[in-house]
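Below you'll find the structure, written out as structure tokens, and then a few comments.
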Amino acid sequence: MTQSKTDTALEHIVSLCKRRGFIFPNSQLYGGLQGAYDFGPMGVELKRNLISTWWRDVVYRRTRMFGLDSSILTHQKTLKYSGHAETFCDLMTDCRQCKSRWRVDHLDPDNPRCENCGSDDLTEPKPFNLMFKTNLGAVTSEASSAYLRPETAQGIFTNFKFITDTQPAKLPFGVAQVGKAFRNEITPRHFIFRVREFEQMEIEFFVDPEESDQWHKYWVEERLQWWVAQGLSAENIQCEAQTGDELAHYARATTDILYKFPHGFEELEGIANRTDYDLAVHSKSQDTLSPQSKVSENPDSTTRLAIQHTETKNWQIPFVIEPSAGVERGILALLTEAYHEETLDNGNKRTVLKLAPHLAPIKVAIIPLAKNKPELITLAESIQHELQADIDGPVVIENSGNIGKNYRRHDEVGTPVCITVDFDSLETTTSDANLINTVTLRDRDTLKQARIHKHDLLTYLQQNYFNYRYKPKSFNQ
Ligand code: ATP
């Protein structure tokens, strides 16, 4: 078998995603909605697996982590005081020749030209706010306006008091949230890399201001290891510390985890030290600010967002470390890494998605070797019934097309193992006693086949495929 893993072109991934039911362009029958994609039957499984693995590893595998699900509709004052209403902007420019619109920082800084027609006849850059504004209720007015959240983080800050009042929250502790965020990107592009509606997996980890640098380092290392555990190879990942103008005005430090996407190394996740900025701007009382604080009074807030120091009993606003990852970018990175084209020994070609088994949309496919043979289908169903009780994800019966087609389909959706049942698997028909009740397992990556007794199947699969483990570094080390 010849392996081919040169840089994968984006169009191959896009085509596979459409062909096999991972990701569809939204509203294509009306010409498409730019910057919006829908996840099909395979895509939704991959997405749910990524999110639930993140949640398990971030929330359940750690102490002092709490979950939250705050609303997408966001109060205008939340985004006024967070600074988004005024500063959550990108600079845009229009091409006077072909009328296309560009984000200034995406153009060559030394020789800015329209990426569409090549013209340098561009308008003066002007700021464009990325938030989607909407209206609550029947009357449209400034007073009734609200926003679709541009990040999940603000919901964590505005719920800070509810969380600390109701949970055993002592520094350091974290709040995790997964959910939709919306940005009216000037130029959505690179498939699901830059879209207008996407999901974030965010942690706000509250720490003593004195310890914020060490916790920032902790989370950069942890998040890097986690992406490697999901199957991204270390050589395709880089860490980049933001400097100068790149750094948000409230951040003390930000490190981006970059992945080698088909269009180059770009941000997959950002880990920011947001200082006490967010809690301070939403807090009614400013008397608890740390000396580093750069915020002014908030006359609209009714609540003090601070925590009492366990020993001194003084109120303090903690610093916050924010690891913020995009689900869509995570999925694009996983697909890029997993996509392989191979030439088999018989000269045939195959495309295969080498996804980690815990992320694969379908866990096991059971294929009756002969179609329309009731005894084989009954056996396949009994194996499916047994496995499905213990395997976390779909175990399917594939009884359409020929075996080659079935394998091709499951290679392309990343099913880690196929099980074929044949007449030898049936007690009544085989002439070879060793084969009674055995089935054939075909490994997606090596194509090796093994004959296994059906009673040993579950243990074999759990030991060899569904054995994902992630052990985070403890907060106390
Ligand atoms: P970029 O510089 O690429 O626009 P950002 O620095 O503005 O991204 P953050 O505000 O740090 O992004 O958001 C956290 C994460 O959310 C990013 O690392 C990314 O994975 C994801 N994300 C942000 N914007 C988008 C988008 N338009 N489409 C898809 N994912 C996004």
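Derivation of every value follows stated rules applied to the coordinates shown; laboratory data play no part. What you see is a predicted model, and the numbers here were worked out from it, not measured in a lab. Positions of Cβ are backbone-derived with ideal geometry, glycine not excepted, and every protein chain shown enters the neighbour counts.
In straight-distance terms, cross-link reach from LYS217 covers every one of the aspartates and glutamates whose alpha-carbon lies under 14 Å from its own, apart from those fewer than eight places away in the same chain; here that gives GLU240, ASP256, GLU322. For the chain, the longest principal axis of the alpha carbon atoms and the long axis of helix 327-338 meet at an angle near 40°. For GLU375 and THR446, the FRET efficiency from 1/(1 + (r/R0)^6), where r spans their Cβ atoms and R0 equals 41 Å, is about 0.85.
Model label sites at THR140 and HIS75, defined 7 Å from Cα along the beta-carbon direction, differ in position by 2.5 nm.
Each label was represented as a point 7 Å from its Cα along the Cα-to-Cβ direction; for GLN462 and SER15 these points are 4.2 nm apart. Using the Cβ of HIS75 as centre and a radius below 11 Å, the other residues enclosed give a net charge of +2, where K and R count +1 and D and E count -1.
Ignoring lysines fewer than eight residues from LYS77 along the same chain, the ones with Cα atoms less than 16 angstrom from its Cα are LYS133, LYS284. Compute the helix-to-body angle for 10-19: its Cα long axis versus the longest principal axis of the chain, expressed 0 to 90° and rounded to tens. Between the helix axis and the principal axis of the chain, the angle is about 60 degrees.
Lacking any other cysteine beta-carbon closer than 4.7 Å, the following Cys residues of the chain have no compatible partner: CYS17, CYS89, CYS239, CYS418. Per-residue ellipticity at 222 nm, computed for the chain from helices alone with -39500 (n - 2.57) per DSSP H run of at least four residues, works out to -7000 deg cm²/dmol. With the simple model of a label 7 Å out from the Cα in the direction of the Cβ, GLU211 to SER296 spans 3.5 nm. Counting 0.36 nm for each residue step from LYS313 to ILE436 and taking away their Cα separation leaves a gain of 37.1 nm. Quick one: go through the range 51-70 and flag any residue whose amide nitrogen is under 19 Å from the point 7 Å out along the Cα-to-Cβ line of VAL228. In the range 51-70, the label zone of VAL228 (backbone N under 19 Å from the point 7 Å along Cα→Cβ) covers 54, 57-58. For the peptides 173-183, 83-93, 443-453, the ranking by mean Cβ contacts within 10 Å, running from highest to lowest, is 173-183, 83-93, 443-453.
Between the Cα long axis of helix 403-413 and the first principal axis of the chain there is an angle of about 10°, rounded to the nearest 10.
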